[in-house]
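A.B. asks: Next up is a structure, given as structure tokens.
The values are calculated or read from the model by the stated rules, or taken from the named source; none is laboratory data. Worth saying up front: this structure is predicted, and the values here are computed from it rather than measured. All Cβ positions, glycine included, derive from the backbone under ideal geometry; neighbour counts span all protein chains shown.
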Amino acid sequence: MAAPADASPGPNTERRAGRQQVSGPPARRRAAWIVVAAGVLLAVCVASIVLGSKPIPLGEVVDALAHPDAGGENARIVLDLRLPRTVAGIVVGVALGLAGALIQALTRNPLGDPGLLGVDAGAAVFVTIGVVVFGTVTPVQDLAFAVAGALVVTAAVAGIGSVRGVADPIRLTLAGMAVAAVLTGITTALMLLNPDAFHRLRGWNAGSLVERGWEVVLPVTPFLAASALLALGLARALNSVGLGEEAAAALGVNVARTRLLSVVAITVLAGGATAIAGPIAFVGLMVPHVARWLTGPDQRRILLLSMLLAPTLVLLSDVVGRLVLAPGELPVGVVTAFIGAPLLIALARRARASAL
């Protein structure tokens, strides 16, 4: 006998409905967004090489890339300045996007971001200490200090923002902002007290891709690539952790190991990005939200799309910074702050902004 039309759905029906609600958009649409994001990233990469205080025709860019030994001023600009700068933007963007997505997934905090949680500020102050006190000059040395600072601040903010061992999203955000403000003041004081450090770190401290040549990008990239692979490998476990620690453990996930590896990936990614370009805020906050809106709650899709959207945002901000005050430039960190601040206000006003 068929059930009445107004009968209440059974538990199996409810579970199926729940799976449909969290599955996100259809698979074809998710794949389409990834293809679109990849195409937009490619277009922004081309714009990053072509546009600037001296626009270079696309044909000359292709000739310079195809014949790197041909010489000429435009070829030198493309190969020695804009190409490494574009690669630096891609590397930094991927690192910040993945770090932000990992922080939001691990803490279940929609306001999670390397900048808002003080990770960037910790990396920046340690790099400044390395320059002022120890005279560090190589990118690998900067990376070591940046990762150490990111790790120390991550641990400090987690301790301050936790209640009885449980991290509270609002407390984490407030603790991160307070710690970041203190560390930013320390960084500024150290730079002002040391003219050489101020001259070297002035543009870097604002978050900039200016003069980010191969000698800066290449030594750091292998560490960031390894951390990116680690982040992608944690995606399935983070999906389970999002259901709660007990549910994750019941599914066979080692929660403690997942948290530890996530913290390692976050510190290296955020620290490496800061070592290359300085502290760039809001990228890790904005991009995972956009990825989640487009593809649903699956961390595998969020991380993958974040790897495409974040470098697009960084490079687009860099291009805008070059053009808006040409022949001068606005640092990338300033442009992303103009974009990210309104988004932060919108997220804070949402009724469910405290949880994912």
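A.B. asks: Could you run through region 251-271 and say how many residues are without any contact (Cβ under 8 Å) to a residue 24 or more places away in the chain and within 30 Å of VAL127 (Cα to Cα)?
C.D. replies: 3
A.B. asks: Another question about this same structure. Kindly provide the set of residues from region 124-143 that are free of Cβ contacts under 8 Å to residues at least 12 places away in the same chain and assigned to a helix (DSSP H, G or I), ordered by number.
C.D. replies: Residues satisfying the conditions are VAL133, PHE134, GLN141.
A.B. asks: Output the qualifying pairs, or none if there are none: Cβ atoms under 7 angstrom, residues six or more apart or on different chains, first residue in region 279-303 and more than 24 Å from ALA337 (Cβ to Cβ), second residue part of a loop (DSSP other than H, G, I, E, B).
C.D. replies: THR295/GLY24; THR295/PRO25; GLY296/SER23; GLY296/GLY24; GLY296/PRO25; PRO297/GLY24; ASP298/GLY24
A.B. asks: Then there's this: Inspect all residues belonging to region 78-98 and state whether any of them is among the polar types (S, T, N, Q) and either in contact with a Cys (Cβ under 8 Å, 6 or more places away or on another chain) or part of a loop (DSSP other than H, G, I, E, B) (or both).
C.D. replies: Checking region 78-98: at least one residue is among the polar types (S, T, N, Q) and either in contact with a Cys (Cβ under 8 Å, 6 or more places away or on another chain) or part of a loop (DSSP other than H, G, I, E, B) (or both).
A.B. asks: Further, regarding this structure: So which of ALA341, ALA326, ALA291, ALA265 is in a helix (DSSP H, G or I) and surrounded by fewer than 20 Cβ atoms within 10 Å (Cβ to Cβ)?
C.D. replies: Checking each option against the conditions leaves just ALA341.
A.B. asks: Starting from residues that are β-branched (Val, Ile, Thr) and crowded, with 24+ Cβ neighbours inside 10 Å, keep the ones in region 108-139 and report whichever is farthest from ILE302 (Cα to Cα).
C.D. replies: THR128
A.B. asks: Another question, then. Is it true that LEU98 is closer than 30 Å to ALA237 by Cα, modelled with pLDDT of 90 or more and among the hydrophobic types (A, V, I, L, M, F, W, C)?
C.D. replies: yes
A.B. asks: Return the only residue of THR312, THR274 being in a helix (DSSP H, G or I), among the hydroxyl-bearing types (Ser, Thr, Tyr), farther than 23 Å from GLY122 by Cβ and at pLDDT 90 or above.
C.D. replies: From the options THR312, THR274, the qualifying one is THR312.
A.B. asks: Pick out, from region 1-73, the helices (runs of 4 or more DSSP H) lying fully within it that include 2 or more residues that are over 30 Å from PRO327 (Cα atoms), out of contact with any Asp or Glu (no Cβ under 7 Å at 6 or more places or on another chain) and at pLDDT below 90.
C.D. replies: Those helices (runs of 4 or more DSSP H) span 11-22, 27-50.
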